[in-house]
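The values are calculated or read from the model by the stated rules, or taken from the named source; none is laboratory data. A quick note: this is a predicted structure, and the numbers were derived from the prediction, not measured. Neighbour counts run over all protein chains shown; Cβ positions are idealised from the backbone, glycine included.
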Amino acid sequence: MAVNGEWRRALLYLGGSMGPLGTFVMLPMIPELRTTYSVTTAQIGWSLWCYLLPFAGLLLVSGTIADRWGRSRILRPAIALYAVATTGCAIAPSYLWFLVARVAQGSMNAFITPLLLAGLTEAVAASGVGRIVGRYAAGQALGQLTAPILGGLSADVNWRLAFLATAVVGAAIAALMPNPADAGTGAASPTQTLGAPPRLRTLIRRPVMLLAATALLSALGPIGSRVLVSLSSRDVIELTGFRTGLLLFAGGAAGMAAAPLWGIVLDRWGGRQASTVAIAVCSGLVALLPAARSAWTLAVIWFVAGAATQTVVVSFQSLASVAAPDNRAGALSFTLSHRFAGHAVGSVVWLPVFTISPTFAYLASAGIGVLAVVTVLASGLNTREHR
């Protein structure tokens with residue numbers, strides 16, 4: 001049934017929200033976490049690092065493992081265990097246990113994000129990849145959209161409630177989640193159908209490596225600026241947790257709206273041109289953020305910048321989906337691994353820098369975007385030429 005198929009596919013898109021929700025739900029509650037666990041802002045950065053580093057590390061192999069063993073065997077258990085790990089964050093009695101739970105969260109998410117995206121893109125023609133990735137990115141943006149509101153509301157009551165709510169959502173998605181094949185997206189890669197399991201060495205190619213570098217630099221630079229915006233809101237402009245959540249929500253809403261639209265643009269322009277424009281525009285907007293001296297100014301700039309960050313994500317994920325047709329999930333997970341490695345490094349680097357000079361943190365972050373433009377052009381990848 002068509003309606004049933006669309007419903008199942010919608011659940012796969014919704015599954016894409018779990019990673020961003022778990023990552024960003026804590027941003028509006030940084031002061032509350034500092035108080036609860038008696039730690040500094042720099043030490044809070046380790047909670048992002050503990051989530052993102054194992055996520056990035058396992059992404060190097062998770063897609064290839066799933067294509068060898070079968071995505072449907074891994075996806076639902078991974079989402080269920082993600083919900084368990086999130087519950088661990090909510091009940092952690094000490095900062096050490098909180099960090100352990102964050103490691104578990106990130107590890108499980110490595111087996112969720114690339115599997116969903118690979119399944120969704122596998123059965124579509126090259127001309128439709130941008131639209132599919134755009135819709136999936138809108139699902140990711142939904143997580144980014146919901147996270148600051150949930151985190152901000154909980155910060156003003158009890159920050160642990162945000163993690164409990166996230167765990168409930170994860171458990172519900174795990175219970176309802178269809179197999180990729182049931183959603184009409186293809187459960188196995190072409191190489192599996194032919195009996196030749198994908199191997200990691202298929203990813204050791206110059207275009208794939210340069211695209212991975214693009215993802216890393218983008219995350220370390222302009223698309224990782226959300227953390228800096230949350231600190232500006234709480235520590236510089238001194239907004240409450242809820243108002244910070246609303247401010248971040250604005251950028252997430254813009255990103256959610258922009259993602260599918262940019263997917264259409266990408267299909268018309270091609271991935272290389274779309275990626276170059278997206279990264280350049282995003283970097284320029286991040287460079288404007290130090291000028292924000294009021295809540296309204298910060299909100300307006302972040303609204304536009306938030307949309308731009310999601311166009312960057314759509315762009316390099318689209319290129320990754322066509323970079324290695326013989327190991328699609330592997331190429332996606334490899335690229336995403338470098339993206340989240342960039343986020344992990346950024347969380348450790350930029351928080352201490354921000355406490356010294358917020359302006360320098362923003363400008364340095366924007367400047368790294370220039371390097372990302374160079375690497376995406378050097379990769380030679382384009383959605384119109386690869387499949």
(message) With the requirement that a residue be surrounded by fewer than 20 Cβ atoms within 10 Å (Cβ to Cβ) and touching a residue at least 40 places away in the same chain (Cβ under 8 Å), what does segment 294-311 give you?
(response) 294, 295, 303, 304
(message) Which pairs turn up if I take residues in segment 360-383 that are more than 14 Å from residue 342 (Cβ to Cβ) and look for partners that are surrounded by fewer than 24 Cβ atoms within 10 Å (Cβ to Cβ) and of a type in the set (Asp, Glu) with beta carbon separation below 8 Å, at least 6 apart in sequence or on another chain?
(response) 383/267
(message) I'd like the residue in segment 228-251 that is among the β-branched types (Val, Ile, Thr) and crowded, with 22+ Cβ neighbours inside 10 Å and, out of all such residues, is nearest to the chain's Cα centre (by Cα).
(response) 229
(message) Quick check on my filter: what residues within segment 282-303 are touching a Leu at 6+ places or on another chain (Cβ under 8 Å), of a type in the set (A, V, I, L, M) and in a helix (DSSP H, G or I)?
(response) 287, 289, 295, 298, 299, 301
(message) Scan segment 334-349 and tell me whether some residue there is surrounded by fewer than 22 Cβ atoms within 10 Å (Cβ to Cβ), in contact (Cβ under 8 Å) with a residue 40 or more places away in the chain and touching a Lys or Arg at 6+ places or on another chain (Cβ under 7 Å).
(response) no
(message) Being part of a helix (DSSP H, G or I), free of Cβ contacts under 8 Å to residues at least 12 places away in the same chain and over 18 Å from residue 15 (Cβ atoms) narrows it down to one residue among 33, 96; which is it?
(response) 96
(message) From the list 103, 84, exactly one residue is closer than 21 Å to residue 346 by Cβ and either in contact with a Lys or Arg (Cβ under 8 Å, 6 or more places away or on another chain) or not acidic (Asp, Glu) (or both). Which is it?
(response) 103
(message) Every residue in segment 173-219 that is within 21 Å of the chain's Cα centre (by Cα) and either among the polar types (S, T, N, Q) or at pLDDT 85 or above (or both), please.
(response) 208, 209, 210, 211, 212, 213, 214, 215, 216, 217, 218, 219
(message) Condition check: under 17 Å from the mean Cα position of the chain (by Cα) and not hydroxyl-bearing (Ser, Thr, Tyr). Does residue 53 satisfy that?
(response) yes
(message) Every residue in segment 333-362 that is over 21 Å from residue 263 (Cβ atoms) and in contact with a Pro (Cβ under 7 Å, 6 or more places away or on another chain), please.
(response) 358, 359, 362
(message) Looking only at segment 223-281, filter to residues that are among the charged types (D, E, K, R) and either assigned to a helix (DSSP H, G or I) or touching a Leu at 6+ places or on another chain (Cβ under 8 Å) (or both); which one of those is farthest from residue 25 (Cα to Cα)?
(response) 268
(message) Among the residues of segment 317-327, are any within 16 Å of residue 373 (Cα to Cα), among the polar types (S, T, N, Q) and either touching a Ser or Thr at 6+ places or on another chain (Cβ under 9 Å) or surrounded by fewer than 19 Cβ atoms within 10 Å (Cβ to Cβ) (or both)?
(response) yes
(message) Considering only segment 292-305, I want to know if a residue exists there that is of a type in the set (Val, Ile, Thr) and modelled with pLDDT under 90.
(response) no
(message) Could you list, ordered by first residue, the pairs with Cβ atoms under 9 Å in which the first is in segment 43-65 and acidic (Asp, Glu) and the second is at pLDDT below 80, at least 6 apart or interchain?
(response) none
(message) Being at pLDDT below 90, farther than 18 Å from residue 277 by Cβ, β-branched (Val, Ile, Thr) and out of contact with any Asp or Glu (no Cβ under 7 Å at 6 or more places or on another chain) is the requirement here; does residue 348 meet it?
(response) yes
(message) Name the single residue that is farthest from residue 66 (Cα to Cα) among those in segment 84-100 being among the hydrophobic types (A, V, I, L, M, F, W, C) and buried (at least 23 other Cβ atoms within 10 Å of the Cβ).
(response) 98
(request) For residue 381, work out the one condition from (1) of a type in the set (A, V, I, L, M); (2) surrounded by 24 or more Cβ atoms within 10 Å (Cβ to Cβ); (3) part of a helix (DSSP H, G or I) it doesn't fulfil. (result) (3)
(message) Can you list residue pairs whose Cβ atoms sit under 9 Å apart, with the first residue in segment 312-323 being over 14 Å from residue 282 (Cα atoms) and the second being polar (S, T, N, Q) and not in a helix (DSSP H, G or I)? Count only pairs 6 or more apart in sequence or on different chains.
(response) 318/383; 319/382; 319/383; 321/383; 322/382; 322/383
